[in-house]
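Encoded as structure tokens, the structure appears first; notes follow it.
Derivation of every value follows stated rules applied to the coordinates shown; laboratory data play no part. This one's a predicted model, so the numbers in the text were calculated from it and none came from an experiment. Positions of Cβ are generated from backbone atoms using ideal geometry, with glycine treated the same way; all protein chains shown enter the neighbour counts.
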Amino acid sequence: MEKFCVSIPKIELHAHLNGSLSRATLKDLGCLEEDVQIYNKSDIDLQTCFQLFSVAHKATSDVNSVKYVTKQVIKEFADDNVLYLELRTTPREEQNMTEEEYIEAVVDGITSHKSPIVVKLLLSLDRRRSIEEQRKTVKSIIKFKKLYPDIVKGIDLSGNPSFGEFYEDLFIEARYNGLFTAIHCAEIKNDIEAERILNFNPDRIGHGTFLHPESGGSQRLWQMNKMLQIPTEICLTSNVICRTTKSYKEHHIQAWIKDELPFSLCTDDKGVFNTSLSKEFFLAYQHLNLNREQLWKISRNSIDYSFASNREKQELRIKLKEWRQENMQ
Ligand SMILES: [Zn+2]
């Protein structure tokens, strides 16, 4: 079954660039052994995870390293039989790089990679930043969406959920300018914000951990989620390691499966959590009793939830169907 999970063509919709850097890539960039060692800690929580990102940030503080890691991450997903990848990252300024140069470097990595995989970019707003700072980033995102309409597809809200807030106006502006919206929602218990985000009706939400009443949400939120049917990006390992969910078996995805709500399986930060999309599929098989047919459907349905063009979606569907004919009859 492990082999099946590796070989099935997969669709990744929730992957943060910096959290996806593998240990090998960090070492390539001259990261110190002790820094990379933090990545091997078995016992980390949500707050530690955010500390881990600073290791990756330190290693990618100029345009060349940003371009390099983008290509490396793309290659690693392609090697894991991911056919389509939506990478997301927060534009950031460093001593030798402006926010826009950072975006340009990531786009450069995407346009110059040589792997057999379709890659799109979502740009994230960091919830810790002020509304003025976020507004400035939205301006840049819209600018790059116009420059690279086939690559820059969407906008995300992410960062430490214990801080900051969801500024709806910024997302209305982004949507008005043709960007898809994928928003981290209910990562921690915050019913008021979760309701505001659901009301905005994003194209996708990330995690949705504290929506269902049995996982700490409320009946009201769950009814909204059921009514809206917003595809949810589910990140099993990330939630278990960060302890926002008790175990794989008790993961909130069970509520999505039971109520037949749309979801996709994603890695979140494959480097930080030492996972891969194949591993996430295998965990879904092991702990949630999903069979081959169901796993294949997760891949196929994820194409519908993606921000690919209609033509790209059609091509992906054909590839998945062909794989099925060769491997599942
Ligand atoms: Zn995330």
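Kindly provide the helix-only [θ] at 222 nm of the chain, computed as the sum of -39,500 (n - 2.57) over DSSP H runs of four or more divided by all residues, to the nearest 500 deg cm²/dmol?
Estimated from H runs of four or more residues: -15000 deg cm²/dmol.
Kindly write out, for region 178-188 in residue order, the coupling ³J(HN,Hα) from the Karplus curve 6.51 cos²θ - 1.76 cosθ + 1.60 (θ = phi - 60°), rounded to whole Hz, with x marking Gly and Pro.
Taking θ as phi minus 60°, the curve returns x, 8, 6, 10, 10, 10, 4, 9, 6, 5, 10 Hz for region 178-188.
Which order do the peptides 239-250, 310-321, 130-141 take when ranked by the mean count of other beta-carbon atoms within 10 Å per residue, highest first?
Taking the mean over residues of other Cβ atoms within 10 Å, the ranking is 239-250, 130-141, 310-321.
Report, in whole Å, the centroid distance computed from the Cα atoms of region 305-329 and region 258-287.
19 Å
Let me understand region 2-320 better: what is its radius of gyration from the alpha carbons, and its Dmax, in angstrom?
18.1, 50
Roughly how many Å is it from the Cα centre of region 204-224 to that of region 81-158, as a whole number?
Spelled out, the Cα-based centre of one part sits 28 Å from the other.
Hey, if you drop one equal point scatterer on each alpha-carbon of region 198-284 and run the Debye formula without solvent, what base-10 log of I(q)/I(0) do you get at q = 0.11, 0.14, 0.20 Å⁻¹?
The calculated log intensity ratios at q = 0.11, 0.14, 0.20 Å⁻¹ are -0.28, -0.45, -0.91.
What's the whole-number percent of alpha carbon pairs in region 82-190 lying beyond 18 angstrom?
Result: 48 percent of Cα pairs exceed 18 Å.
So what are the ³J(HN,Hα) numbers for region 121-133, from phi and the Karplus equation (6.51, -1.76, 1.60; θ = phi - 60°), rounded to whole Hz, Gly and Pro as x?
10, 10, 9, 9, 9, 8, 5, 6, 7, 5, 4, 5, 5
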